[in-house]
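Enquirer: Got a structure here, written out as structure tokens. Questions coming.
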Amino acid sequence: MTSTSSTAKVQVRSRALTQWIEEASRLTQPARIVLCDGSAEERQRLIQEAVTSGSLTPLNQAKRPGCYLHRSDPDDVARTEDRTFICTPTREEAGPTNNWMAPDEAYDRIRPWLEGGMRGRTMYVVPYILGPLGSRFAKVGVELTDSVYVALNMAIMTRMGGVALEMLGESDDFNRGLHCTLGCDSKRRLICHFPQDNTIWSVGSGYGGNALLSKKCFALRIASWLGRKEGWYAEHMLLLGLESPRGETSYVAAAFPSACGKTNLSMLTLPPAFSGWRAFTVGDDIAWMRVGADGRLWAVNPEAGYFGVAPGTSMQSNPNAMLSLTHDTIFTNVALTPDGDVWWEGMGTPAPQGLIDWRGRPWDPKSGQKAAHPNSRFTTPMTNNPALSPKADDPEGVPISAVIFGGRRATTMPLVLEARNWTHGVFMGATMGSETTAAATGQVGVVRRDPMAMLPFCGYNMGNYFDHWLRMASLAPRPPRIFMVNWFRKNADGAFLWPGYGENMRVLKWILGRVQGFAEADQTPVGLVPRPGDLDLTGLALDPESLRQCLAVRPEEWQTELESARQFFAKIGPTLPEPLALTHRSLLSELAKPSNPPRAAVA
Ligand code: SAT
Ligand code: MN
């Protein structure tokens with residue numbers, strides 16, 4: 001017998017939603033159904049439930065009010081890309097870079113697992129909005145989940161509850177996310193996307209992007225598919241505002257693969273030499289972008305919170321994140337201190353004695369094991385961020401001056417490289433590569449091509465996705481300029497050449513200078529690079545040799561790079577747009593030319 005919570009002060013007016021909840025509860029047979037209203041009282045009630053069931057451990061409330069620790073199943077600590085499927089009627093629609101399953105096959109495989117899958121448990125109905133309220137960007141999703149941890153995370157990550165039902169009204173236009181933990185059984189773990197049905201079925205995992213269906217599943221995979229159909233863009237990008245000493249704010253959108261410092265860059269703290277400047281976070285992970293009436297590209301952050309990587313986050317690397325984490329935050333798989341606080345590797349303080357590791361066991365510093373899982377996370381509301389942009393909630397979004405692609409590359413890729421034109425910029429994004437991190441299961445540290453940081457998140461054929469990017473040039477009369485950055489280049493001894501973090505502002509200043517037409521650059525066979533004197537290095541002790549190596553374009557490295565890009569394009573196959581193949585050929589012939597003395601290029 002199921003009962004619906006009567007405490008919710010909200011009402012479902014959409015017949016389609018009522019029917020779908022009924023259908024899902026007939027299938028999964030929960031003991032209770034709770035319709036989430038998004039209120040503060042509800043949050044307290046859900047936290048209480050989670051603490052009682054052991055899903056959350058309260059942290060020291062005097063030190064971290066409103067903060068809790070969650071430990072996931074040790075076998076369920078990252079996205080599982082090999083169990084993630086795009087279920088379009090044809091394999092061709094999903095393309096060569098996605099796992100594909102026919103929709104009927106996927107539904108038929110998962111349905112038996114879902115039968116009675118929530119028996120004895122609560123089904124939380126979580127209605128949410130992606131995008132600012134009242135915005136033309138905004139979309140409604142509803143996630144049905146048997147995880148209170150997921151419901152609590154969704155309340156932080158999205159505009160959740162009554163507001164979403166209000167926006168939905170009587171409409172049937174919403175994303176249907178059905179999530180069932182099934183004891184986090186890896187043998188019954190599948191994350192299936194049905195773009196044509198605007199539906200996601202996720203089973204067997206309670207973690208991050210597998211389970212918070214608003215995030216990678218809807219805001220990227222399904223939304224990228226909707227964006228192509230409707231003429232807009234859903235991208236794996238942070239959004240950052242930079243206010244100059246003259247009081248003008250410019251916005252950049254930047255794509256980096258998971259766990260490459262997107263959150264840090266989006267919360268940038270500026271070096272002392274940039275005292276007249278200010279940096280503001282609009283978003284840290286996902287951008288939805290549309291061409292505005294003025295011909296520029298405009299963007300919003302569809303989310304309302306951050307699901308950031310904890311290890312490496314410190315007062316030095318990201319003070320705005322550290323300040324955000326002082327209250328009302330859920331920590332996942334970090335270490336617990338004896339006085340009920342959190343700790344992780346790279347927090348900037350020595351490990352206290354008596355730590356409990358991420359699995360809940362006493363931690364032995366000599367064991368060689370990490371106390372916090374490398375992909376341990378914090379979930380914190382964006383309103384906690386001292387650097388939150390006043391435009392973060394603006395229905396209009398922000399106009400984008402520059403699109404920045406980046407990855408983690410020990411060699412080849414200079415600190416910054418500007419595309420010659422739109423097609424070359426799309427080529428740079430399409431061929432970008434990065435060394436893998438702990439954000440997904442699998443081998444760490446090998447270079448993989450990760451176009452626009454969307455390889456695991458593009459909900460349709462990658463070749464068609466490139467074509468959609470090329471199309472922006474004709475949709476937007478005033479498109480942003482495109483750049484590539486690499487904060488992670490190393491010298492022959494394996495040491496990082498560039499200090500990174502706040503010092504990245506020096507590169508951003510050059511990028512804005514290029515956009516505004518006063519910064520200069522050298523032409524190289526593969527794009528435009530600043531000369532050492534073009535970067536504002538005031539107050540930075542960086543030896544000239546390291547800087548030279550940071551900016552170097554080495555033809556022999558680029559030969560290898562372009563060969564690897566060719567192999568990747570071959571994998572894309574017949575949907576690869578011809579302009580990208582042409583760009584590849586023209587770069588090869590530029591590289592083959594006898595080297596000319598570098599020319600200064602004026603913007
Ligand atoms: O687990 S998530 O997909 O939400 C985080 C990430 O991989 O970037
Ligand atoms: Mn991400």
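Enquirer: Let me spell it out: the conditions are (1) open to solvent by 10 Å² or more (accessible area, probe 1.4 Å); (2) in a loop (DSSP other than H, G, I, E, B), and ALA392 meets all of them except one. Which number is the exception?
Expert: All conditions pass for ALA392, except number (1).
Enquirer: While we're here: Do you know which of the residues in region 281-293 that are crowded, with 24+ Cβ neighbours inside 10 Å, of a type in the set (A, V, I, L, M, F, W, C) and outside any loop (DSSP other than H, G, I, E, B) is nearest to ligand 2 (Cβ to nearest atom)? Working first, answer last.
Expert: Applying the first criterion (crowded, with 24+ Cβ neighbours inside 10 Å) to region 281-293 yields 281-289.
With of a type in the set (A, V, I, L, M, F, W, C) added as a condition, the list becomes 282, 286-289.
Still in the list and also outside any loop (DSSP other than H, G, I, E, B): 282, 287-289.
Working: VAL282: 15, ALA287: 11, TRP288: 14, MET289: 16 Å.
The extreme case among them is ALA287.
Enquirer: So if I check each of GLY312, GLY360, GLY348, which one is open to solvent by 20 Å² or more (accessible area, probe 1.4 Å), more than 30 Å from VAL140 (Cβ to Cβ) and either within 16 Å of ligand 1 (Cβ to nearest atom) or of a type in the set (Val, Ile, Thr) (or both)? Show your work before the answer.
Expert: Working: GLY360 fails: either within 16 Å of ligand 1 (Cβ to nearest atom) or of a type in the set (Val, Ile, Thr) (or both); GLY348 fails: either within 16 Å of ligand 1 (Cβ to nearest atom) or of a type in the set (Val, Ile, Thr) (or both).
Residue meeting the stated conditions: GLY312.
Enquirer: Please pick out the residue among PHE457, PHE427, PHE466 that is within 16 Å of ligand 1 (Cβ to nearest atom) and either in contact (Cβ under 8 Å) with a residue 12 or more places away in the chain or open to solvent by less than 10 Å² (accessible area, probe 1.4 Å) (or both). Let's see the steps before the verdict.
Expert: On the way: PHE427 fails: within 16 Å of ligand 1 (Cβ to nearest atom); PHE466 fails: within 16 Å of ligand 1 (Cβ to nearest atom).
None of the other options fit; the residue is PHE457.
Enquirer: Identify all residues within region 75-91 that are open to solvent by 30 Å² or more (accessible area, probe 1.4 Å) and either within 16 Å of ligand 1 (Cβ to nearest atom) or of a type in the set (Gly, Ala, Ser) (or both); write none if there are none.
Expert: Within region 75-91, ASP75, GLU81, ASP82, ARG83, PHE85 meet the criteria.
Enquirer: Would you mind stating whether SER55 is among the hydroxyl-bearing types (Ser, Thr, Tyr), at pLDDT 95 or above, open to solvent by less than 90 Å² (accessible area, probe 1.4 Å) and under 23 Å from GLY183 (Cα atoms)?
Expert: Values: among the hydroxyl-bearing types (Ser, Thr, Tyr): yes; at pLDDT 95 or above: yes; open to solvent by less than 90 Å² (accessible area, probe 1.4 Å): yes; under 23 Å from GLY183 (Cα atoms): yes.
Yes.
Enquirer: ASP493 passes all but one of (1) assigned to a loop (DSSP other than H, G, I, E, B); (2) touching a Leu at 6+ places or on another chain (Cβ under 9 Å); (3) open to solvent by 60 Å² or more (accessible area, probe 1.4 Å); which number fails?
Expert: Going through (1) assigned to a loop (DSSP other than H, G, I, E, B); (2) touching a Leu at 6+ places or on another chain (Cβ under 9 Å); (3) open to solvent by 60 Å² or more (accessible area, probe 1.4 Å) one by one, ASP493 breaks only (2).
Enquirer: Out of region 533-555, which residues are over 24 Å from LEU587 (Cα atoms) and touching a Pro at 6+ places or on another chain (Cβ under 8 Å)?
Expert: Of everything in region 533-555, those that are over 24 Å from LEU587 (Cα atoms) and touching a Pro at 6+ places or on another chain (Cβ under 8 Å) turn out to be GLY539, LEU540, LEU542, PRO544, LEU547.
Enquirer: Give region 93-114 a look and list any residue that's of a type outside the set (Phe, Trp, Tyr) and in a helix (DSSP H, G or I), or say none.
Expert: If the condition is that a residue be of a type outside the set (Phe, Trp, Tyr) and in a helix (DSSP H, G or I), then GLU93, ALA94, PRO103, ASP104, GLU105, ALA106, ASP108, ARG109, ILE110, ARG111, PRO112, LEU114 are the ones that fit.
Enquirer: Which strands (runs of 3 or more DSSP E) sit wholly inside region 228-268 and have at least 3 residues that are away from ligand 1 (no atom under 14 Å from the Cβ) and out of contact with any Asp or Glu (no Cβ under 6 Å at 6 or more places or on another chain)?
Expert: 237-243, 249-255
Enquirer: Confirm whether ASN421 is closer than 23 Å to LEU270 by Cα and either open to solvent by 10 Å² or more (accessible area, probe 1.4 Å) or touching a residue at least 60 places away in the same chain (Cβ under 8 Å) (or both).
Expert: So ASN421 fails the test.
Enquirer: Do we have ARG408 as within 16 Å of ligand 2 (Cβ to nearest atom), basic (Lys, Arg) and in contact (Cβ under 8 Å) with a residue 60 or more places away in the chain here?
Expert: On the way: within 16 Å of ligand 2 (Cβ to nearest atom): yes; basic (Lys, Arg): yes; in contact (Cβ under 8 Å) with a residue 60 or more places away in the chain: yes.
Yes; evaluated as a whole, the condition is true for this residue.
Rundown of residues vs (1) basic (Lys, Arg); (2) crowded, with 18+ Cβ neighbours inside 10 Å; (3) free of Cβ contacts under 8 Å to residues at least 12 places away in the same chain, yes/no style:
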| residue | (1), (2), (3) |
| --- | --- |
| ILE47 | no, yes, no |
| VAL51 | no, no, no |
| ALA62 | no, no, yes |
| HIS70 | no, yes, no |
| GLY95 | no, yes, no |
| ASP108 | no, no, yes |
| LEU133 | no, no, no |
| GLU143 | no, yes, no |
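The values are calculated or read from the model by the stated rules, or taken from the named source; none is laboratory data. Computed from a prediction, not measured in an experiment: that's the story for all the values here. Don't worry about glycine lacking a Cβ; one is built from the backbone with ideal geometry, like all the others, and counts go over all protein chains shown. Note: areas computed on protein heavy atoms with side chains; ligands, DNA, RNA excluded. Shrake-Rupley method; radii C 1.70, N 1.55, O 1.52, S 1.80 Å.
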